[in-house]
Amino acid sequence: MTRLFSSKTRPVHMGPYPVELLGRMPIADLSRVPAMEALRFENASAPHSIINAMREHQAMLDVIRSGLINGAVAQAPTDPQERTNHLKSFGYFADAALVGTCALPHEAVLDTPTTNPDIDKLAEDLKTVQIKSLAAGIDMIMADLKESMEAEKPSIEPHSHALVFLYENPRDIKPEEPGTDWFEGAYCHRAGLLASETAVVLANYLRLLGYDSRAHTLSSSDVDLNKLAVAAGLATVEDGVLHHPYIGTRFGLAAVTTTFEIATDLPLLPLKQQPKSAFGYAWRFGTKSSKNAGNAVPYAKRRFVDGAHPFENLKRVETPTTYIDEPRVARVPKRTDMFARAQFGDMGKKLQQTSKGGHYVRKAAPSMAQRRALGAFVLLQEGIAAPEKTHYTPQEAADLVKATSYFLGVDAVGISRCPDWTWYSHDARGDEIVPTHDQAISMVIDQGYETMDGSSGDDWIAVAQSMRAYLRFSLLGGVMAKQIASLGYSAKAHTVMDGEVLQPPLLLLAGLGEVSRIGEVILNPYLGPRLKSGVVTTDLPLAHDKPIDFGLQTFCESCNKCARECPSGAITAGPKLMFNGYEIWKSDSQKCTTYRVTTPGGAMCGRCMKTCPWNLEGIFKEKPFRWAAMNMPKLAPALAKLDDAVGNGGLNPVKKWWWDLEITEDGGYRPTAQPVNARGLQKDLKLRFEDQTLAVYPAPLAPHPYPYPFPMDREAGIEAYQAMITAEEYKARLARGDE
Ligand code: SF4
């Protein structure tokens with residue numbers, strides 16, 4: 001159900017549910033709480049259950065639930081309430097439904113911690129795993145995992161406080177519902193897996209700040225999560241079962257225990273004693289919060305196979321709305337990636353220094369906290385086909401893949417062929433890539449509206465916004481690759497750390513969006529450009545989606561807000577041109593990367609995504625905008641002006657929850673000494689294409705595929721930009737026979 005009310009004035013730490021309406025009591029009686037039962041990520045009676053495909057990822061999260069503590073203690077705020085608000089916001093940023101805090105109750109500490117038995121198997125597998133990955137620092141990742149697996153875990157006795165995360169589940173499967181066979185009975189595991197990801201990241205975050213912390217999951221824990229949930233005000237015991245007044249019993253838990261002192265929440269009153277007002281107008285219509293009685297159960301009114309957004313209403317077309325000269329698309333080596341070029345010194349010493357070891361990720365603690373799990377999942381992204389094949393029709397397989405992906409939490413899924421021209425020519429080692437799969441499952445993860453609303457797009461949370469979405473895909477895309485492999489087909493999740501395909505053309509073929517002025521960013525009509533993608537390639541035959549046309553080409557022609565707001569001037573204010581066989585608004589990736597890697601006032605940048613008029617909150621009053629933008633292309637100039645006039649894309653300080661801490665030489669996180677990037681809109685700036693100096697590096701200027709320097713020739717890049725031609729002229733030249 002579309003929301004009627006905006007939650008722009010609701011601070012992030014209050015979360016999506018109006019929990020402030022609920023009655024609380026001073027102390028909970030934990031003696032009545034049913035003991036937590038450890039969850040096994042295995043379903044031996046149903047070999048194709050998605051639970052089995054989650055096993056290794058859950059075990060990996062359990063391996064990294066504790067670790068080294070930064071010896072340099074951060075200069076973080078000391079007010080316990082500010083700390084709680086910050087950590088809760090981080091949990092909500094990671095999509096938790098509820099986050100609660102409590103002092104760690106003695107009776108919640110288990111005499112014998114539970115340990116995921118799959119960790120031993122994972123340790124064995126990792127000894128023999130073929131590390132094809134060239135992800136930066138893979139040796140360090142392996143060493144970290146080995147150490148974590150072998151290390152004795154000290155008691156959590158010094159821990160004084162706990163943060164508890166609750167993830168709610170979607171509705172039950174309906175009879176005969178297409179695509180649902182794989183996830184029957186997987187609800188606890190789904191919520192438990194997602195909660196584990198968040199707890200592991202937050203525990204790592206607190207350790208990076210210099211405080212002893214550990215994550216506890218449904219499969220590996222030193223604490224009874226049920227007792228913690230009651231103590232932290234996330235549940236009461238109703239008829240012997242854990243229950244939340246708005247969510248009911250459909251959820252999974254994880255927690256972090258820590259020495260970091262935080263303010264605590266009060267336990268909930270039992271359901272029968274809750275005030276009537278807790279279920280009144282505000283809850284029914286969502287006047288105070290984004291979650292309300294009408295939308296609380298995900299997928300209540302949608303089929304899983306269709307996704308949460310009405311993708312079925314989009315106009316489908318035979319070919320993407322931008323021209324691709326498929327036979328002439330130039331395959332380029334992975335080494336052309338600008339971050340790789342910066343790291344290998346192609347763009348000079350300064351950039352090499354600032355990008356070394358992923359400094360742009362390390363410089364902010366939230367992204368560094370996400371980086372560990374992201375690195376660990378690289379080892380699981382390859383799905384080696386099981387010996388026996390399970391046969392489905394392409395439509396059955398596509399339905400299963402889509403419905404399961406949506407059930408797990410992917411925001412948009414599309415399926416297409418995976419032509420050879422979408423693969424890089426050489427991997428990061430310089431070895432030739434021979435395309436192995438001809439099917440592509442493209443997935444999109446929303447970067448989240450709320451935090452982007454509070455961010456300038458290039459401040460100290462920007463990098464974590466990207467990493468959060470990359471991490472979610474690495475988890476869910478990795479699980480899907482394992483699932484497909486269990487059916488007897490080969491599959492690989494192409495993640496930000498290790499991928500062999502170019503994702504934008506695959507997203508176009510799969511109908512997940514259209515080319516936007518931003519350049520390589522594909523814009524989705526329901527998520528805007530506020531997304532990160534990932535692709536699972538496979539040889540499992542799948543039914544394909546078609547490209548979409550929602551009028552974006554006309555809209556972007558009438559709007560150049562992203563170009564105007566780009567802090568590095570990398571986005572073209574000019575026309576679409578042909579680049580390596582694709583018709584796109586070609587941005588200057590060198591300028592973009594240089595800014596993202598070196599900006600002193602933040603960590604990375606996604607300001608184009610933040611300021612685009614398609615970056616919407618998802619409320620009812622925005623519907624006419626989207627409808628008009630999609631159906632009345634002539635209105636595009638007026639709509640773009642209107643978006644500016646109402647101030648969309650500006651900073652919303654209510655939503656700022658992160659701390660502006662920067663890593664210092666001793667490895668500690670301290671308040672940054674640099675002025676923070678906190679930008680308003682530049683409505684008066686008239687950006688003209690003729691005033692821009694942009695460079696591009698098409699295939700003839702691409703570097704060699706090997707991991708050593710290949711200096712960039714910017715002058716040649718500028719000339720190459722000026723030599724690009726429109727698709728019309730390109731086609732005319734082809735027709736004349738002059739390629
Ligand atoms: Fe297109 Fe305007 Fe969004 Fe840029 S800001 S991608 S031009 S709609």
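Miscellaneous remarks
- Overall Cα dimensions of the range 620-706, principal axis frame, Å, largest first: 56, 48, 26
- Amide hydrogen neighbours beyond the local backbone of Leu577, cut-off 5 Å, H modeled: Ile584, Trp585, Lys586
- Sorting Lys146, Lys334 by accessible area puts them as Lys146, Lys334; the probe is 1.4 Å, largest comes first, and only protein heavy atoms count.
- Subset of Lys8/Lys301; Lys356/Lys532; Lys350/Lys482 violating a 30 Å alpha-carbon distance limit: Lys350/Lys482
- Long-range amide H partners of Gly602 with built H, under 5 Å: Asn677
- Area projected by the alpha carbon convex hull of the range 535-575, averaged over all directions, nm²: 5.1 nm²
- Taking a quarter of the surface of the Cα convex hull of the range 419-509 gives a mean projected area of 7.3 nm².
- Compactness of the chain as Cα Rg over 2.2 N^0.38 Å, two decimals: 0.92
- Stokes-Einstein D (µm²/s) once Rh is taken as the Kirkwood radius of the range 319-393 over alpha-carbon pairs, at 10 °C in 1.306 mPa s: 95 µm²/s
- Thr319 versus Met25: modelled label distance in nm, points set 7 Å from Cα along the beta carbon direction: 6.9 nm
- Solvent-accessible surface ranking, highest first, for Thr101, Thr321 at 1.4 angstrom: Thr321, Thr101
- Directionally averaged shadow of the range 1-84, computed from the convex hull of its alpha-carbon atoms, nm²: 12.1 nm²
- Relative to the dominant Cα principal axis of the chain, helix 187-208 is inclined by about 80°.
- The string of couplings for the range 232-247 from the Karplus curve (6.51, -1.76, 1.60, θ = phi - 60°) is 8, x, 9, 7, 10, 9, 10, 6, x, 10, 5, 8, 10, x, 9, 9 Hz, one whole number per residue in order, with x for Gly and Pro.
- Angstrom value of the Kirkwood radius, inverse mean 1/r, which spans all Cα pairs in the range 454-607: 17.0 Å
- Estimated FRET transfer efficiency (Asp666, Glu388; beta-carbon r; R0 35 Å; 0.05): 0.05
- Within straight-line reach of Lys349, meaning a Cα separation under 24 Å, sit the following lysines at least 8 residues removed in sequence or on another chain: Lys334, Lys363, Lys591.
- When nucleic acids and ligands are ignored and a 1.4 Å probe is applied, Ile27 ends up with an accessible area of around 130 Å².
- Using the alpha-carbon positions of the range 134-252, Rg (one decimal) and Dmax (whole number) come out as 17.6, 53 Å.
- 0 to 90° range, to nearest 10: angle between helix 50-63 axis and the chain longest Cα axis: 80 degrees
- Near Glu42, once Lys and Arg are set to +1 and Asp and Glu to -1 for all other residues with Cβ below 10 Å from its Cβ, the sum equals +1.
- Only protein heavy atoms count here; under a 1.4 Å probe, Glu729 has an accessible surface of about 80 Å².
- Three-way shape call for the range 284-340 based on the alpha-carbon gyration tensor, with the a/c threshold at 1.5: prolate
- Only helices enter the 222 nm calculation for the chain: every DSSP H run of n ≥ 4 contributes -39,500 (n - 2.57), and dividing by all residues gives -9500 deg cm²/dmol, rounded to 500.
- Our note on the geometry: Cα centres of the range 673-731 and the range 220-237, 53 Å apart.
- Per-residue surface analysis assigns Ser290 an accessible area of about 30 Å², computed on protein heavy atoms at 1.4 Å probe radius.
- Between Glu557 and Arg40, the FRET efficiency from the beta-carbon distance, with R0 = 60 Å, is close to 0.65.
- Distance between the 7 Å Cα→Cβ label points at His544 and Ile725: 2.8 nm.
- Principal-axis analysis of the Cα atoms of the chain puts helix 118-128 at an angle of about 30° to the longest axis.
- Pairwise FRET efficiency - Arg429 versus Ala673, Cβ, R0 = 45 Å, nearest 0.05: 0.70
- The H on the amide N of Arg24, modeled in the peptide plane, is under 5 Å from the matching H of Leu269, each at least 5 residues off or on a different chain.
The values are calculated or read from the model by the stated rules, or taken from the named source; none is laboratory data. Computed from a prediction, not measured in an experiment: that's the story for all the values here. Positions of Cβ are generated from backbone atoms using ideal geometry, with glycine treated the same way; all protein chains shown enter the neighbour counts. The area values use the complete protein model at the heavy-atom level, side chains included, leaving out ligands, DNA and RNA. Shrake-Rupley method; radii C 1.70, N 1.55, O 1.52, S 1.80 Å.
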